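A.B. asks: The structure is given below, and queries will be raised subsequently.
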Amino acid sequence: MKILHLGAILITAVSLVPGFSRATLAQDADYVCYITTKSGQVVDLSASICQLNGSSRLAKATSAAGSDQAFIADYERAVMGYPDAQDKLLTSIQRSPESNIMQAKSVCNELEAGLSLEEIKMYQTQGVTNKVDNINASVTATLATKHYCPQFSNL
């Protein structure tokens with residue numbers, strides 16, 4: 001009983017420290033169910049992917065792998081429209097597709113947080129002077145809604 005009482009006091013004391021909040025405590029307890037956007041906003045995924053049980057989680061993972069492959073295929077087709085950059089872009093996606101996939105998924109997270117697709121594209125290319133990187137960011141953001149967050153495809 002004393003341990004529970006001490007635990008409650010500890011949690012209360014920690015929550016009073018500046019910078020800590022319920023979201024922070026919840027994030028530490030189950031960190032895979034929370035993500036932080038570039039703007040610093042914490043997005044809670046508990047109601048979506050974190051409530052999946054065993055077989056549903058496997059089905060979701062299989063579906064995600066299919067989405068990744070479809071995203072990569074569409075990306076490769078899309079960059080063919082940029083002959084002066086396509087070789088670099090194709091090489092990059094073939095060597096390390098994870099970077100583009102993560103970037104596309106972060107677009108969805110930012111859309112969930114309330115940003116528009118145009119704002120996201122602007123933020124991703126802000127300060128980027130390399131044409132290849134600008135094309136990459138634009139193509140990735142455009143394809144993100146098709147493959148990872150179709151609920152935003154009408155934006």
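A.B. asks: Can you give the extra length, in nm with one decimal, that the chain gains between GLN41 and ASP84 once fully stretched, where that is 0.36 nm per residue apart less the Cα-Cα distance?
C.D. replies: 11.8 nm
A.B. asks: How much accessible surface area, in Å² rounded to 10, belongs to the heavy atoms of ARG77 with a 1.4 Å probe?
C.D. replies: That residue has around 150 Å² of solvent-accessible surface.
A.B. asks: Residues with amide H under 5 Å of ALA113's amide H, sequence separation 5 or more or different chain, H placed in the peptide plane at 1.01 Å from N; which?
C.D. replies: The answer is none.
A.B. asks: I've got another one for you. Given a Förster radius of 22 Å and the C-beta distance between VAL128 and ARG95 as r, what FRET efficiency does 1/(1 + (r/R0)^6) yield to the nearest 0.05?
C.D. replies: Calculated value: 0.65.
A.B. asks: Also, I was wondering about something else. Please compute the Kirkwood hydrodynamic radius of segment 63-152 from all pairs of different C-alpha atoms, in Å with one decimal.
C.D. replies: 13.1 Å
A.B. asks: Next question. If you add up the charges near LYS88, with Lys and Arg at +1 and Asp and Glu at -1, over every other residue whose beta carbon is less than 14 angstrom from its beta carbon, what do you get?
C.D. replies: My count for the surroundings of LYS88 gives -2.
A.B. asks: If you don't mind, there's one more thing I want to ask. Can you list the HN-Hα couplings for segment 110-121, worked out from phi with the Karplus curve (6.51, -1.76, 1.60; θ = phi - 60°), rounded to whole Hz and with x for Gly and Pro?
C.D. replies: Karplus values, whole Hz, x for Gly and Pro: 6, 5, 4, 6, x, 6, 8, 4, 5, 5, 4, 4.
The values are calculated or read from the model by the stated rules, or taken from the named source; none is laboratory data. Every value quoted in this text rests on a predicted model; they were computed, and no experiment measured them. Cβ coordinates were reconstructed from backbone atoms using ideal geometry, including for glycine residues, and neighbour counts include every protein chain displayed. These area figures cover heavy atoms from the full protein model, side chains too; ligands, DNA and RNA do not enter into them. Shrake-Rupley method; radii C 1.70, N 1.55, O 1.52, S 1.80 Å.
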